[in-house]
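Laboratory data are not the source of any read-out in this text; all were calculated from the coordinates shown. All of these numbers come straight from a predicted model, not from anything done at the bench. Cβ sites come from the backbone with ideal geometry, for glycine too, and all protein chains shown count toward neighbours.
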Amino acid sequence: MSDADGMEGVEVAECTRCEALVDSRSRIVNGDGPEDAAVLFVGEAPGATEDEEGVPFVGRSGDVLDDELRDAGLARADVRITNCVRCRPPENRDPSQGELANCRPYLEREIELVDPEVVVTLGKVPGEHLLGRDVAVTSEAGSVERVELGGEPREVLICLHPAATLYDASQRDAFAATIEKAATIAGESGGQSQLGEF
Ligand code: URA
C-alpha cells in the first residue's frame, strides 16, 4: 500500500521519532487490512514475530485473534488491525508515554481514513491510551464507550489482549464474547461480510 491508495500519513515508511525504538525494531509494522473496514482492532505494539514479518498480530496472539474472528463469522481479511506503536519495543516492554504520543498522529489518521463502525482495543495499553483513563480490562471487557478519535466521536469496545487467554485459559470465553460483540456491531452497520460457510 502507498500514499497513492489514499493512506497518506498512515503507511509509515520511515520514522525516527523514538530513538529507542529505531534501535530495537527490524522494521516499522503498519496496520493491515481493508482501508474501509467496519472493525478496527488496535493492539499495543509489535512483538518479535510481527517485527520479523512486518504485519500486526501474526504470532501466537494473532492465532487466537484469528480463531475467534472465524468463530464470530468474521474473516481476518475483512477487518483492519493496527497498533498504538508501530515499532517493537526492546525486550517487549510496554511502550512509554512518549512513544505512544509520538505514534498517536499515525493512529489518529488511520482511524480517520478507515472510519470504522467500532474501534476494538486489545488489552490495557490501547484501552487506556484511547480512552484516556485507567481501564480495568478484565472487568470492563465488552463495554463500549464513545470517544473522540480520528476527528469524530467513535464507539470504542474494550477487549482483553488475546495473549491474556494464553496465560489464563479461563479468559477465552470473555475474549470470544467481545469479538462476537464486535462482529454484531459490524453486522448491524451492514459494513462487514459475514462468512456463513465458517
Ligand atoms: N501484541 C500486540 O499488541 N500487537 C501485535 O501486533 C502483536 C502482539
Exercise. Which value in nm describes the separation of the simple spin-label points at Asp63 and Tyr167, placed 7 Å from the Cα toward the beta carbon?
Worked result: 1.9 nm
Problem set entry | Full-extension gain in nm, Ser143 to Cys15, via 0.36 nm per residue minus C-alpha separation | 42.7 nm
Exercise. DSSP beta bridges in the chain, what fraction antiparallel, as a percent rounded to 5?
Worked result: 35 percent
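At a Förster radius of 41 Å, what calculated FRET efficiency corresponds to the Cβ-Cβ distance of Asp71 and Asp23, to the nearest 0.05?
0.55
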Exercise. Taking only the alpha-carbon atoms of the range 35-112, what semi-axes of the equivalent ellipsoid follow from 5 times the gyration tensor eigenvalues under a square root, in whole Å, largest first?
Worked result: 22, 17, 9
Problem set entry | the range 2-189: radius of gyration and largest Cα-Cα distance (Dmax), Å | 15.1, 45
Exercise. Using r as the Cβ-Cβ distance of Ser96 and Thr49, and R0 as 22 Å, what FRET efficiency do you calculate, to the nearest 0.05?
Worked result: 0.50
